[in-house]
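Report on the following structure.
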Amino acid sequence: MTKGQDLRDALERLAQAGRLSRVTGEVHPKFEMAAVLAQQPNRNVVIFDRIAGSSMRAVGNVVDRINYAISCDIEPTLEASLDHITRGLEHPIEPVLTAEAPCRDVVVTEGIDLAAQLPIPTFFEKEAGPYISADIVIAKDPETGKRNVSMNRLLLLGPDQLMIGMSPSHHLHQLKLKAERLGKSLEVAIAIGNHPAVLVAANAYVDLGVDEFAIAGGMLGEPLRLSPGVTVDVEAPAGAEIVIEARFESGEYYEEGLVSEFHGMYVDYGKSPVLRVTAVTHRNDPYFQFVLPGKYHEHFLMGGMAIETTLLWNIRKSVSCAKAVYITEGGMGRCHAVVSLANPRPGEGQKAVFAAFAHCNLVKQVTVVDDDIRIDDPHEVEWAVAARMRAQQDLMIIPGVRTDRAEPLVDGGTVAKIGIIALRQQEAMPLAEIPDDVMNNVKRNWDRYKIRPADDYT
Ligand SMILES: Cc1cc2nc3c(=O)[nH]c(=O)nc-3n(C[C@H](O)[C@H](O)[C@H](O)COP(=O)(O)O)c2cc1C
Ligand SMILES: [Mn+2]
């Protein structure tokens, strides 16, 4: 039986696991959707049933580590998610075309009016307007025909116009340049409402020419089903909730002004390209998926879970004893990595630090620990630093390393990076442990102790 590859399959599983919350009162798209998600007390998925000015429902907070595990039917552990995403990187499965496409239940090519059709939220005070935030953008290399998938913020400019945020170092920008050199205008399909595995795959740092949909297929264990475009020669997931088709307006740019970044501050990236929308298609009664951007966990995790897995994959190429990588939320889901090594030889910790910096500009602090440390437990990692790091020789400070353009410290594109080697020494004091057999017996016979909540102490 298929586990499902659509957002709805994930929502079904999440509902069964008790991970859904519904907002039944009316919510305004201007700041209010953001304020509800920001103050939602747990990490449940949140469905918004009634949004002012729209007949469409919305859903946010879909990606969180537990929600991801439930959606993908894997154990809720770091190791399981690393394995799941690594499977996609190592054993990609090519997508297939299908004629059965719920995302084409409704097709609009005339009189497009995005603001009227979609409940697009405005998130932060000083931003220029409403943003579509949980979309994936699909494009094809105009020379090779190879597909690329990425997540890009889309600012609503007019009834059929969007500004698209794209870093000059990302693949979409390179494809746009290629198209311009060939005198063509690049076409895109924008899919909103996707399975968490598809969203994480879109964030994978892989080479130009690698189809992120094939990675998603490898993760899900079945080919992603795609539907051909209606007005563009670009396919979109057949089970997406909403698909917007568009092409770049040649030579047109929009001065965006301030926009939030993952560090929770505003940045000003200047001008960004403009897209002209040629079609909007959607399911019957679709969910408009959105992510609260800025310093919020879903934004951290969509990128962070992909980054930690591609980091592990790349570190292993030069440090084969690398066991796991964790990107912390405190480090904004981007900047701080913890790496565990299994019985490393002298100097392999340092090599892992260099490999991490070489792979990803965003990462600026790498803590290396042994594999007896649970790297997704900040207390255990801090224990390793307290117990095992000798600051005079285990602390690496490497000045002037290339950083990401979103780097919170403004320093001309470079920043000092830190490696913390918190690995056990040969001569370390032995760990004080309770005998294994007793620990196991107690665990096995837990019920025998009749432990119960107590309301008195006498
Ligand atoms: C919620 C979210 C929003 C994002 N927005 C943008 C964006 O506006 N521009 C951009 O260049 N990258 C953005 N990214 C990051 C890219 O999607 C990501 O780096 C991706 O791997 C780039 O694709 P590529 O490797 O094919 O170039 C965003 C990521 C997330 C999780
Ligand atoms: Mn790519």
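The values are calculated or read from the model by the stated rules, or taken from the named source; none is laboratory data. All of these numbers come straight from a predicted model, not from anything done at the bench. Quick reminder, even Gly has a Cβ in these numbers, built from the backbone with ideal geometry, and neighbours come from all protein chains shown. Protein only, heavy atoms only, side chains kept; ligands, DNA and RNA dropped before computing areas. Shrake-Rupley method; radii C 1.70, N 1.55, O 1.52, S 1.80 Å.
Take the residues in the range 149-183 that are open to solvent by 50 Å² or more (accessible area, probe 1.4 Å) and within 19 Å of Ala279 (Cα to Cα), then tell me which one is nearest to ligand 2 (Cβ to nearest atom).
Out of the qualifying residues, it is Arg153.
Yes or no, residue by residue, for (1) charged (D, E, K, R); (2) without any contact (Cβ under 8 Å) to a residue 40 or more places away in the chain; (3) in the same structural domain as His263 (by TED's automatic domain parsing):
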site: Arg390; (1), (2), (3): yes, yes, no
site: Ile397; (1), (2), (3): no, yes, no
site: Asp404; (1), (2), (3): yes, no, no
site: Asp411; (1), (2), (3): yes, yes, no
site: Glu427; (1), (2), (3): yes, yes, no
site: Glu433; (1), (2), (3): yes, yes, no
site: Asn441; (1), (2), (3): no, yes, no
site: Ile451; (1), (2), (3): no, yes, no
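Against the conditions (1) open to solvent by 10 Å² or more (accessible area, probe 1.4 Å); (2) among the aliphatic types (A, V, I, L, M); (3) out of contact with any Gly (no Cβ under 9 Å at 6 or more places or on another chain), where does Ala246 fall short? Just the number, please.
That leaves (1) as the condition not met.
Scanning for something within 16 Å of ligand 2 (Cβ to nearest atom) and either surrounded by 24 or more Cβ atoms within 10 Å (Cβ to Cβ) or at pLDDT 95 or above (or both), does the range 221-232 turn up at least one residue?
Let us first name the residues in the range 221-232 that are within 16 Å of ligand 2 (Cβ to nearest atom), namely 224.
If we keep only those that are either surrounded by 24 or more Cβ atoms within 10 Å (Cβ to Cβ) or at pLDDT 95 or above (or both) too, we end up with 224.
Yes: one or more hits.
Report, ordered by the first and then the second residue, all pairs with beta carbons closer than 6 Å, sequence separation of six or more or different chains, a first member in the range 158-172 that is at pLDDT 95 or above, and a second member that is assigned to a loop (DSSP other than H, G, I, E, B) and within 16 Å of ligand 2 (Cβ to nearest atom).
From the range 158-172, the pairs are Ile164/Asn152; Gly165/Asn152; Met166/Asn152; His171/Leu208; Leu172/Met166.
If I ask for residues that are without any contact (Cβ under 8 Å) to a residue 12 or more places away in the chain, closer than 22 Å to Asp285 by Cβ and among the small types (Gly, Ala, Ser), which ones from the range 1-56 would you list?
Matches in the range 1-56: Ala15, Ser55.
Look at Phe290 and say whether it is at pLDDT 95 or above and either β-branched (Val, Ile, Thr) or out of contact with any Ser or Thr (no Cβ under 7 Å at 6 or more places or on another chain) (or both). Write out each step before concluding.
Working: at pLDDT 95 or above: yes; either β-branched (Val, Ile, Thr) or out of contact with any Ser or Thr (no Cβ under 7 Å at 6 or more places or on another chain) (or both): no.
For Phe290, the condition - at pLDDT 95 or above and either β-branched (Val, Ile, Thr) or out of contact with any Ser or Thr (no Cβ under 7 Å at 6 or more places or on another chain) (or both) - is not met.
Can you tell me which residues in the range 126-156 are within 23 Å of Val59 (Cα to Cα) and either more than 11 Å from ligand 1 (Cβ to nearest atom) or free of Cβ contacts under 8 Å to residues at least 12 places away in the same chain (or both)? Give the derivation first.
Keep residues of the range 126-156 that are within 23 Å of Val59 (Cα to Cα), which gives 127-138, 149-156.
Scanning the range 126-156 gives Glu127, Ala128, Gly129, Pro130, Leu156.
In the range 371-384, which residues are open to solvent by 40 Å² or more (accessible area, probe 1.4 Å) and part of a helix (DSSP H, G or I)?
Going residue by residue through the range 371-384, those that are open to solvent by 40 Å² or more (accessible area, probe 1.4 Å) are 371-372, 374, 376, 378-380, 382-383.
If the condition is that a residue be open to solvent by 40 Å² or more (accessible area, probe 1.4 Å) and part of a helix (DSSP H, G or I), then Pro378, His379, Glu380, Glu382, Trp383 are the ones that fit.
Any idea how many residues of the range 335-370 are closer than 22 Å to Thr77 by Cβ and assigned to a helix (DSSP H, G or I)?
Going through the range 335-370 one residue at a time, the tally reaches 2.
Go through the range 317-337 and give me each residue that's open to solvent by 10 Å² or more (accessible area, probe 1.4 Å) and within 23 Å of Ala69 (Cα to Cα).
Start the filter on the range 317-337 by keeping residues that are open to solvent by 10 Å² or more (accessible area, probe 1.4 Å), which leaves 317-318, 320-321, 323, 326, 328-330, 332, 334, 336.
The answer is Lys323, Tyr326, Thr328, Glu329, Gly330, Met332, Arg334, His336.
The conditions are (1) among the acidic types (Asp, Glu); (2) touching a Gly at 6+ places or on another chain (Cβ under 6 Å); (3) closer than 15 Å to Arg405 by Cα, and Asp268 fails exactly one of them. Which is it?
Just one mismatch for Asp268, condition (2).
For the range 385-407, how many residues meet the condition of being charged (D, E, K, R), over 30 Å from Pro293 (Cβ atoms) and surrounded by 14 or more Cβ atoms within 10 Å (Cβ to Cβ)?
As a first pass, look at the range 385-407 and keep what is charged (D, E, K, R): 388, 390, 394, 402, 404-405, 407.
Of the ones still in play, those that are also over 30 Å from Pro293 (Cβ atoms) are 388, 390, 394.
Checking which are surrounded by 14 or more Cβ atoms within 10 Å (Cβ to Cβ) leaves us with 388, 394.
Count: 2.
Can you name the residue in the range 119-148 that is of a type in the set (Asp, Glu) and assigned to a loop (DSSP other than H, G, I, E, B) and, of all such residues, is nearest to ligand 2 (Cβ to nearest atom)? Step through it out loud before you land on a result.
Going residue by residue through the range 119-148, those that are of a type in the set (Asp, Glu) are 125, 127, 135, 141, 143.
Those still in the list that are assigned to a loop (DSSP other than H, G, I, E, B) too: 125, 127, 141, 143.
Working: Glu125: 32, Glu127: 26, Asp141: 10, Glu143: 15 Å.
Here the residue is Asp141.
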